[in-house]
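Single-structure report; data block below.
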Amino acid sequence: MQKRLCWLWVLLLMASIAFAQDEIVLSVEATQTQGTISPRVYGANVGLAVIPPDLMPDVQALGLKYLRVGGNYSDQNDLTKFTVDIYASQAKMIGAELGLSVRLLEGTPQAAADILQYANIQKGYNIRYWSIGNEPSFFVAVHGAESYTTEDLNREWREFAEAMLAVDPNIILVGPDISQYVVLNVENETIDYLEGSQGGAPRDALGRDWMQEFLRANGDLIDIVSVHRYPYPGISGKSVASATITGLRENSHEWDFSIPNLRQVVQMSAGRDIPLAVTEVNSNSIPNSGGEAGPDSHYNAIWFADVLGNLIRHKTEIVAYWNLRSQTDGHGIFGLNGMNPVGNVYLLYKHFGTELLTAETSNQEVSIFAAQREDGAVTLMVVNLVDDERSATIALNGFVPAGDAEVWRFDADHDAAMIEPMAIADGTSVTVTGQSVTLYILPS
């Protein structure tokens, strides 16, 4: 009898352990903030697509705080006064900071200094964020340069930077905009990268690290270190592969090691901490519209909601989605048929808050990010990366809501819509639909 009871106890214990392993716990620590969230994480690239008047109200509704004028064309054309005027005006209408890229490839320091003189001295736009060139690591592959190495970048970038700082010493220099620079691991001075067919491009033709060499040469002048990241990249119009739901789901966790590792590379190479930016990000670097996880898909939006939350958690200074508006395909927040699903991510995050709170999940299928708003409310952004609904327990420490939570949801059936309010406190169980983003606003 005792032996039978012992086995029964073991079975019950194993069942309880299995149940505990399956239970999802979303933990939030509200007693102390982790710092102010940079408003510039809510950014987008504008390309050369001017926002038409009839679209402006929809763009304003997104709550964008940073607009970047850059991309491949910035090293094919000089930045013009007309371009500066147009985007300075549109950024002001949106309520966003403007970031401008001057031409590095076949450009001149004098031309860069002249356009800065026009923008900030003559016109008084006070544009603070400037970059020099775009993706110099691809000058050969994309623009057909005969050769371009880290030595070329380091020498030329400094000449431009010094000429521009002589005109306006208060500008913030963002760079070097190296694309596909993903650091897998840093141990002592040994760095492991994502390379080759996996979508990484960390070295020049001579095998030298673009980022390390740049920071060793110009770490004293750069203000924000920037990279670009497309998990499914394309070179010269040829995509490596089309994004898949499974692939993006796995990629969403990349940022938890790539950003901390990049910080370590910056500290090691420049000898100081420098803020980080991801000035271009999307699932695909070329359109690939219409696929299950292409840039105009529902799952692309779910993936980006998780990526943006991770970049906020890792205290990134700038995040700029590629891009705001596409006139030819679905490769933008707005496409040929209106707003693409990813626009719903911005509509939710505009309610998120200004102070970062510590939030953790016990299961990577469901992410949580938390913040505190200026009105004292605590917000919980919950992203369900899988197809099926999931239930989770909220572990809320240091905050007692003053009433029911306001609930917003984006999923297959809701476009960033407010749904029924819900009472949420420590120990409350919530259920989130498959492939969804749910925002809970807990009043103070």
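Remarks
- Selection within region 194-228 - at pLDDT below 95, out of contact with any Phe, Trp or Tyr (no Cβ under 8 Å at 6 or more places or on another chain) and part of a strand (DSSP E or B): 196
- Residue within region 177-186 that is of a type in the set (Phe, Trp, Tyr) and either more than 21 Å from residue 202 (Cβ to Cβ) or touching a Leu at 6+ places or on another chain (Cβ under 7 Å) (or both) present: no
- Selection count where residues are in contact with a helix residue (DSSP H, G or I) (Cβ under 7 Å, 6 or more places away or on another chain) and under 23 Å from residue 135 (Cβ atoms), scope region 77-92: 3
- When region 33-76 is filtered for residues that are under 28 Å from residue 145 (Cα atoms) and aromatic (Phe, Trp, Tyr), only 73 remains.
- Tallying residues that are under 21 Å from the mean Cα position of the chain (by Cα) and either assigned to a helix (DSSP H, G or I) or charged (D, E, K, R) (or both) within region 59-73 yields 6.
- Condition check for residue 415: part of a loop (DSSP other than H, G, I, E, B) and under 28 Å from residue 338 (Cβ atoms): no
- Considering residues of region 405-428 that are in contact (Cβ under 8 Å) with a residue 60 or more places away in the chain and surrounded by fewer than 20 Cβ atoms within 10 Å (Cβ to Cβ) only, the residue farthest from residue 25 (Cα to Cα): 415
- Taking region 332-352 as the range and being within 18 Å of residue 444 (Cα to Cα) and buried (at least 23 other Cβ atoms within 10 Å of the Cβ) as the test, only 352 passes.
- Some residue of region 320-337 being closer than 17 Å to residue 37 by Cα and in contact with a helix residue (DSSP H, G or I) (Cβ under 6 Å, 6 or more places away or on another chain): no
- Unmet requirement for residue 392, which otherwise passes all of (1) over 17 Å from the mean Cα position of the chain (by Cα); (2) surrounded by fewer than 17 Cβ atoms within 10 Å (Cβ to Cβ): (2)
The values are calculated or read from the model by the stated rules, or taken from the named source; none is laboratory data. Here the structure is a predicted model, which means the values were calculated and not measured. Please note: Cβ atoms are built from the backbone with ideal geometry, for glycine as well, and neighbour counts cover all protein chains shown.
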